[in-house]
Amino acid sequence: MQKTISTIAITCCVLLATLAAVFFLSPAEADSRDTPAQILRHVVLFQFKDSATAAEIREIETAFCRLPSATGLIRDFEWGTNVSPEGLDQGHTHCFMLTFNTEADRDAYLPHPAHQEFGALLGPSLEKVTVIDYWTKP
């Protein structure tokens, strides 16, 4: 009797594991279904004026970080400050990388009121900006 219960329990576990493998995707598989073959990257590099204060730059960083939720168009967002030892930054200190699913999302982002408001905040402190957009290659 004890052996029969153990056999039934093992059989049930194997059956549940098999069903889970068939009917549910692993997180990696689920992510791959949500990710298009190519995504649009929007890279933004800033050089601030010498007159820009640390407080003004922090305010700009914070405001830029709010754009994904304010616009609802940005798939992914990351940023950081230059730490390259090569000396090829041409004065740029900040890099922001935005990811869009489509050109339409990017095109809707550019004139979006939240983006325009951010540009007005940024303008007085900005010395130079470089923007590059590219489609990722597999």
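The values are calculated or read from the model by the stated rules, or taken from the named source; none is laboratory data. What you see is a predicted model, and the numbers here were worked out from it, not measured in a lab. Glycine also receives a Cβ, built like all others from the backbone with ideal geometry; neighbour counts cover every protein chain displayed.
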State whether one or more residues within region 79-89 are aliphatic (A, V, I, L, M), free of Cβ contacts under 8 Å to residues at least 60 places away in the same chain and in a helix (DSSP H, G or I). no
Among the residues in region 117-129, are any part of a loop (DSSP other than H, G, I, E, B), touching a residue at least 12 places away in the same chain (Cβ under 8 Å) and either among the acidic types (Asp, Glu) or under 10 Å from Leu73 (Cβ atoms) (or both)? no
Collect the residues in region 112-138 that are farther than 25 Å from Ile39 by Cα and surrounded by 13 or more Cβ atoms within 10 Å (Cβ to Cβ), keeping them in residue-number order. Glu117, Leu121, Leu122, Ser125, Leu126, Glu127
If a residue has to be among the small types (Gly, Ala, Ser), farther than 17 Å from Val131 by Cα and surrounded by 15 or more Cβ atoms within 10 Å (Cβ to Cβ) to count, how many in region 63-111 make the cut? 2
Select, from Ala52, Ala63, the only residue that is farther than 24 Å from Leu40 by Cβ and touching a Leu at 6+ places or on another chain (Cβ under 9 Å). Ala52
So is Gln47 exposed (fewer than 10 other Cβ atoms within 10 Å of the Cβ) and at pLDDT 95 or above or not? no
The correct count of residues that are closer than 18 Å to Leu126 by Cβ, of a type outside the set (A, V, I, L, M, F, W, C) and not in a helix (DSSP H, G or I) in region 40-78 is 6
